[in-house]
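The values are calculated or read from the model by the stated rules, or taken from the named source; none is laboratory data. Just so you know, these numbers come straight off a predicted model, no measurement behind them. Using ideal geometry, Cβ is built from the backbone for each residue, glycine included, and neighbour counts are taken over all protein chains shown.
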Amino acid sequence: MRCPCGCGRRLEVMLLPGVTPRWDLQVDPDGRPTLHPSIWVQDGCKAHFFLRSGMVEWC
Ligand SMILES: [Zn+2]
């Protein structure tokens with residue numbers, strides 16, 4: 001996924017089996033993803049947000 005702050009960075013947080021830390025991904029019946037816990041880009045733009053039902057919630 002692209003960083004939602006608009007910096008264009010690709011976030012490599014995703015869901016590789018056996019990788020820690022990892023994020024739990026839930027997809028609701030409408031196909032909207034929810035990630036837990038929050039995503040924190042620790043270098044670059046420092047974006048920190050949740051993804052809930054496909055919507056970005058900034059921290
Ligand atoms: Zn960013």
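Here are a few things to note about the model shown:
- One residue stands out in the range 19-39 among those that are in contact (Cβ under 8 Å) with a residue 12 or more places away in the chain and assigned to a strand (DSSP E or B): the one that is nearest to the ligand (Cβ to nearest atom), namely I39.
- Flag if D24 is among the acidic types (D, E) and at pLDDT below 90: yes
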